[in-house]
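Worksheet for the structure shown next.
The values are calculated or read from the model by the stated rules, or taken from the named source; none is laboratory data. From a predicted model like this one, the values you see are computed outputs, not experimental measurements. Cβ coordinates were reconstructed from backbone atoms using ideal geometry, including for glycine residues, and neighbour counts include every protein chain displayed. Heavy atoms of the whole protein, side chains included, go into the accessibility calculation; ligands, DNA and RNA do not. Shrake-Rupley method; radii C 1.70, N 1.55, O 1.52, S 1.80 Å.
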Amino acid sequence: MLTETLKSLFERDLKKLKLEIESYQNERKLWEIDQNISNSAGNLCLHLIGNLNTYIGAEIGKTGYVRNRPLEFSSKDIPKTELINKIEETTIVVNTALDSLSEADLNEIYPQIVFEKEMTTGFFLVHLATHLAYHLGQINYHRRLIN
């Protein structure tokens, strides 16, 4: 039951992330920052893609993805079409990985220590969904402020 809920939330929010990125009329605006905003929408998008591909794709889905977190925040001027392709690919990775989980798997300890203590896979997946939603809100705010 929780797996289906998580799939639905990730699908919804990744679709919304794609829509937010598509909504930037001027592609350069994706990478702008303001004195009150420290991360651009483009960098937050890369961060979310890296985060989900690491913790869901590589760890649960065994995709072999290797994260370069510093590049998520230092890369600039990646074409909007490339970001959109990465979001679409991430959606497939997330769905495939979550399809591999049973309800019992959600109660198992997540294989990595992420917050300096053990947690269940279910708990961590809920955290990842809220992390996505948090940064999605920042991207929406960025778009409305900068665009």
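Report the calculated FRET efficiency for Arg69 and Arg12 (r = Cβ-Cβ distance, R0 = 30 Å), to the nearest 0.05. So the FRET efficiency works out to roughly 0.75.
If you wrap region 12-53 in the convex hull of its Cα atoms and look at it from every side, the mean projected area works out to 3.2 nm². In the full protein context, region 1-128 carries 55 Å² of accessible surface per residue, based on a 1.4 Å probe and ignoring ligands, DNA and RNA. Among the trypsin sites (Lys or Arg not before Pro) in region 84-147, those placed in a DSSP loop whose Cβ has at most 14 other Cβ atoms within 10 Å are Lys117. As a calculated quantity, the FRET efficiency between Arg144 and Thr5 at R0 = 30 Å, using C-beta atoms, amounts to about 0.55.
Full extension of the chain segment joining Glu89 with Asp105 gains 3.4 nm, where the gain is 0.36 nm per residue of separation less the Cα-Cα distance.
Under a model in which nothing but the beta-carbon of Lys, Arg (+1) and Asp, Glu (-1) is charged, the chain shows a dipole of about 500 debye around its Cα centre. Surface composition of the chain: carbon plus sulfur atoms contribute 52% of the solvent-accessible area (1.4 Å probe, protein chains only, all chains present).
Residue-normalised convex hull volume from the C-alpha trace of the chain: 103 Å³ per residue. When all protein chains stay in place and ligands, DNA and RNA are ignored, the 1.4 Å accessible-area order of Glu4, Glu103, largest first, is Glu4, Glu103. For the residue pairs Lys18/Lys76; Lys16/Lys117; Lys7/Lys86; Lys7/Lys76, the C-alpha atoms sit more than 20 angstrom apart in Lys16/Lys117; Lys7/Lys76. With the simple model of a label 7 Å out from the Cα in the direction of the Cβ, Glu22 to Ala133 spans 2.3 nm. Mean residue ellipticity, 222 nm, helices only, the chain: the sum of -39500 (n - 2.57) across DSSP H runs of n ≥ 4, divided by residue count and rounded to 500, is -20000 deg cm²/dmol.
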